[in-house]
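A quick write-up on the structure given underneath.
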Amino acid sequence: MMIVKSFAGLGACLVAAGLLLTACTTDAKPAKLSAQEAQIIIKEKLAQRSSSLAGQLAEITPDDVWEETGHQLFKDSGSLETYVVADGNAAVLGIGFGGSGVTSVVPYDVNGDGAGDLVYAYSYGSGIHRSVMSWMDLQTMTEHPVLSKAEGEGFRMYDLILQSEDNSILVYQISNKQNREAVTRALMSYPASKDIESMRLIKDGVLVKEQDGLYYEATGAD
């Protein structure tokens, strides 16, 4: 009788352990792609843009982007194009030609569907350097502009850093009064946290979420 009870208890433990393992496996993120694996997907899914793979791909995924969206970001060292890759799909973030490409990315649920999107700043322009902000719906891999609430706003000639603070996205411009060579080098490869900490940032504005998208609102420099 004791043997039967022992086997019954062991069976219950095994079932419980199996359920626990299943739950952990279900919640786990897939393994990250290597740059080589990402390149194959980019070339397959973005055949018309594959010629822009002029250099080596380097992963630049910020920790919060991976944790909140499960998507990876890769930047081409030659064209400075940035790609988002996940689930065998890929899309281009912004424009890299003539500038630094994507300089800052934060995860944020813009459309309120419960899934994280990407909000990012990038610079481009041959002859006229300009910085732009956009956001991407990761469910459809479609890019949308961040428009300004002020009419007639001209080109931003300075680079931008975005930071999530108190459930808002603050916009900072990078001051020219610092080592521009070091800043430019960091922006072209994508700035790490230590690079941003060493930069002189000037508060520029805030991004405001409305029903039809995301808007920039100037708040003035600190």
Next on the checklist: I'd like the carbon and sulfur percentage of the solvent accessible area for segment 75-181, probe radius 1.4 Å, heavy atoms only, ligands and nucleic acids excluded.
Outcome noted: 47 percent
Item to check | Under the Karplus curve 6.51 cos²θ - 1.76 cosθ + 1.60, θ = phi - 60°, whole-Hz ³J(HN,Hα) for segment 81-97, x wherever Gly or Pro sits | outcome: 6, 10, 10, 10, 9, 5, 6, x, 10, 8, 8, 9, 9, x, 9, x, 4
Checklist outcome for this item: The correct ranking of 133, 141 by accessible area at 1.4 Å, largest first, is 141, 133
Checklist entry - Where does segment 30-152 land on Rg(C-alpha)/(2.2 N^0.38 Å)? => result 1.03
Next on the checklist: Please list 41, 174 from largest to smallest accessible area, probe radius 1.4 Å, with all protein chains kept in place.
Outcome noted: 41, 174
Checklist outcome for this item: Taking r as the C-beta separation of residue 32 and residue 218 and R0 as 30 Å, the FRET efficiency to the nearest 0.05 is 0.20
Next on the checklist: Just to make sure I understand: if all protein chains stay in place, what is the order of 128, 40, 161 by accessible area at 1.4 Å, largest first?
Outcome noted: 40, 128, 161
Next on the checklist: For residue 209, give me every one of the lysines with a C-alpha distance below 27 angstrom, ignoring sequence neighbours fewer than eight places off in its own chain.
Outcome noted: 149
Checklist entry - Taking a threshold of 24 Å on the Cα-Cα distance, which of the pairs 75/203; 45/194; 75/177; 32/203; 75/194 fall above it? => result 75/203; 45/194; 75/177; 32/203
Next on the checklist: How many angstrom lie between the Cα centre of segment 103-122 and the Cα centre of segment 60-88?
Outcome noted: 12 Å
Checklist outcome for this item: Rounded to the nearest 10 Å², the 1.4 Å probe accessible area of residue 181 is 130 Å²
Item to check | Linear extension gain, residue 67 paired with residue 184, 0.36 nm per residue minus alpha-carbon span | outcome: 39.4 nm
Next on the checklist: Can you give me the solvent accessible area of residue 203 with a 1.4 Å probe, rounded to the nearest 10 Å²?
Outcome noted: 50 Å²
Item to check | In segment 125-222, the chymotrypsin sites (Phe, Trp or Tyr not before Pro) that fall in loop regions by DSSP, at most 14 other Cβ within 10 Å | outcome: 155
Next on the checklist: Can you give me the accessible area per residue for segment 79-199, using a 1.4 Å probe, in Å²?
Outcome noted: 46 Å²
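The values are calculated or read from the model by the stated rules, or taken from the named source; none is laboratory data. From a predicted model like this one, the values you see are computed outputs, not experimental measurements. Glycine also receives a Cβ, built like all others from the backbone with ideal geometry; neighbour counts cover every protein chain displayed. Accessible surface is based on the protein model in full, side chains and every heavy atom, while ligands, DNA and RNA are left aside. Shrake-Rupley method; radii C 1.70, N 1.55, O 1.52, S 1.80 Å.
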